[in-house]
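These notes concern the structure reproduced below.
What follows draws every value from the coordinates through simple rules; no lab data is involved. Quantities reported herein were computed from a predicted structural model and do not represent experimental measurements. FYI the Cβ positions are ideal-geometry reconstructions off the backbone, even for glycines, and counts take in every protein chain you see.
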Amino acid sequence: MKLTDIETFVVGNPPPHFGGRYFVFVKITTDSGVSGIGEAYCVPFEPHLVAKMIEDVFARYVAGNDPHDIENMWRRVYSSGFTQHPDLTLMGVLSALEMACWDIIGKAANKPVYKLLGGQVHERLRAYTYIYPRPGDTKDVYHDPDLAAERSAEYLAQGFTALKFDPAGPYSAFDGRQLSLEALDLCERFAKSLREAVGMKADLLFGTHGQMTAAGAIRLAKRLEPYDPLWLEEPVPPDAPDEMAKVARATSIPIATGERLTTKYDFARLLRAGAAAILQMNLGRVGGILEAKKIAAMAEVDHVQIAPHLYCGPIVGAANIQIATCSPNFLILESIESWGGFHSDILKSPIRFEDGHVIPSTAPGLGVELNEELARANPYMGDMLHLEMTQHPVQ
């Protein structure tokens, strides 16, 4: 079996854009006609250029090879252009291609990928969602703790037992910083209102995006501790694991991080520093499914758990499900609400969601198939990136 053909899809994500403005998918095909799909997460370039990058890497290092030879492909791509360093762009490209190879491997073996990576550990995967806005909202659910508390009841009714929210304000190219007193007060009011609303029915996941210095994050954590969040997410920028470790040592709240890290090397530095209790690798960036499995195994040694990150499309979601299902130290899975809307439409069969849990598919490969007709019918026509940071200092 040899890899012969590639097709990329830059798909616009219609309003309300939950999961990002667009998705970058790839389909690769073998000489025997078996195809696999993958997805790249948040590569920081114009998405059609990202598609070209994927095609270029495929032509240089992947075409003509056996899709089973993951380790061989991984080392050659990782070393492309004399790099051998955790590079977010290259690893996002590799993740999409590697994911598609695993989809092919699973289909060829007629097994889900998780059956080929140690087998099934979890029959159901506990899931969480952000608290999202609704059409007709007269207030901003991201900044109004009363509306967020009211909305939480809707998610509890769907079976969710964990909810994430991020009221700390914009994240900036100039972070970390000290949050203002107003921002600290708003964060505390969010935690208080949501805890009162959900009681012991749901965990609270406090999201931030590296806005703070370690000292600033410790100030915030002390305000949040009375409300017992399950985690404080990425409290400082991802380039300083030793600083994140200062926060971890200073608070009783578990620290979660990893969406902006890639490869076992980044995560090894995090683990050595004792900086996190929960790793949030995104399988469309981290270096692929096998790399995520290695990271999960490294974390297992220190009794650190994994909570795969998702703010993109459902192909990464399907890969997250594979790694979660076969990992003993899996904690919780990020969902985009209950996997409905465009996240369902872009698949031939939706991801199965029941009572706050994802049910792993028994179908071979990643367990999902891309609706290629819909993907082609929804090209991304904008000029903004998947995610963007505030471009000036936040006072």
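Worth a mention:
- Highest-first packing order for the peptide set 116-123, 174-181 is 174-181, 116-123, based on the mean count of other beta carbon atoms within 10 Å.
- Percent of beta bridges antiparallel (DSSP, the chain, rounded to nearest 5): 50 percent
- Spatially proximal lysines relative to K192 (Cα-Cα < 20 Å; intrachain offsets below 8 disregarded): K139, K164, K201, K222
- Here segment 148-181 is scanned for amide nitrogen atoms under 19 Å from the site 7 Å beyond the Cα of D137 along Cα-to-Cβ, giving 148-171.
- For Y130, neighbours were defined as the other residues whose beta-carbon sits under 10 Å from its Cβ, and their charges (Lys and Arg +1, Asp and Glu -1) total -2.
- By the helix-only formula, in which each DSSP H run with n ≥ 4 contributes -39500 (n - 2.57) and the sum is divided by residues, the chain has a 222 nm mean residue ellipticity of -11000 deg cm²/dmol.
- Formal net charge of residues neighbouring L333 (Cβ-Cβ distance under 15 Å; K, R +1; D, E -1): -4
- Of all the options M200, M244, M73, the one that moves most in a Gaussian network model of the chain with Cα springs shorter than 10 angstrom is M200.
- Low-density loop cleavage sites - GluC sites (Glu not before Pro) in segment 290-395, where at most 14 other Cβ are within 10 Å (DSSP): E388
- The lysines whose alpha-carbon is closer than 23 Å to the alpha-carbon of K52, local same-chain residues fewer than 8 away aside, are K2, K27.
- Spacing of the two label points (7 Å from each Cα toward its C-beta) at T89 and T29, in nm: 3.0 nm
- Most positive-pole-ward Cα, I255, A157, L179, against dipole of segment 115-365 from beta carbon charges: I255
- Per residue, the average separation of C-alpha pairs within less than 8 Å and at least 6 apart gives the chain a relative contact order of 22 percent.
- Simple point charges give the picture: +1 on the Cβ of Lys and Arg, -1 on the Cβ of Asp and Glu, and for segment 3-110 a dipole about the Cα centre of about 180 debye.
- Stretching M389 away from A273 to a fully extended chain increases their span by 39.1 nm, per 0.36 nm per residue minus the current alpha-carbon distance.
- Here the contact order of segment 3-110, divided by its residue count and restricted to Cα pairs under 8 Å and six or more residues apart, works out to 32 percent.
- Cβ-based charge dipole, the chain, positive-most Cα from M298, N320, F58: M298
- Candidates S252, S349, S327, ranked by Gaussian network fluctuation over the chain, Cα under 10 Å, top entry: S349
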